[in-house]
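Visitor: Before we start, here is the structure in question, set down as structure tokens.
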């Protein structure tokens, strides 16, 4: 499990020089962000926000220790991705400090279906909660993977492509981990 944390840290660290190497690179990214990049960021934020919101709940409420641990990893990763995407959209000077979105910012990104899913999950507890959370995460990660793969076919901005490639690898790893958890929970 520590391997996962180390790989996430290495992946994020490796992406940062590419993303934030200079103010000129950020200005170029801001000026060349097209419809594909905006669509990719918007879809990633929407699905990622639901993953983050449900994982924040699961980090406190999950009864299975492995589910709780996955939720904590997912919170850390989704907060980082949200911060990176926001930074890429805003342009300007890069900062090393992570600025995770607040609960209200995350919930503002949810559509009606996402809000209903979050409310339903909050109303569940025990083993049923763990199963519902893992099932929702598996579904969400499959959606996130499709979003990343679709963007990789049409994307043009190096920084967005680099982040997307890193995210795709992490998402695939999460799907494998979620499959194992789902089998364990029954």
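Visitor: Determine the gain in length on full extension of the stretch residue 97-residue 124; use 0.36 nm per residue of separation and subtract their C-alpha separation, reporting nm with one decimal.
Guide: 6.3 nm
Visitor: Using a simple spin-label model with points 7 Å from Cα along the Cα→Cβ vector, what separation in nm is obtained for residue 38 and residue 86?
Guide: Inter-label distance under the simple model: 2.1 nm.
Visitor: Rounded to the nearest 0.05, what FRET efficiency do residue 173 and residue 152 give with R0 = 22 Å and r taken as the Cβ-Cβ distance? Could you check?
Guide: About 0.85, to the nearest 0.05.
We did not get these values from a lab; they are worked out from the coordinates using the rules stated. Bear in mind that the values here come from a model prediction, so they are computed numbers and not experimental data. We place every Cβ from the backbone using ideal geometry, glycine too, and count neighbours over all the protein chains shown.
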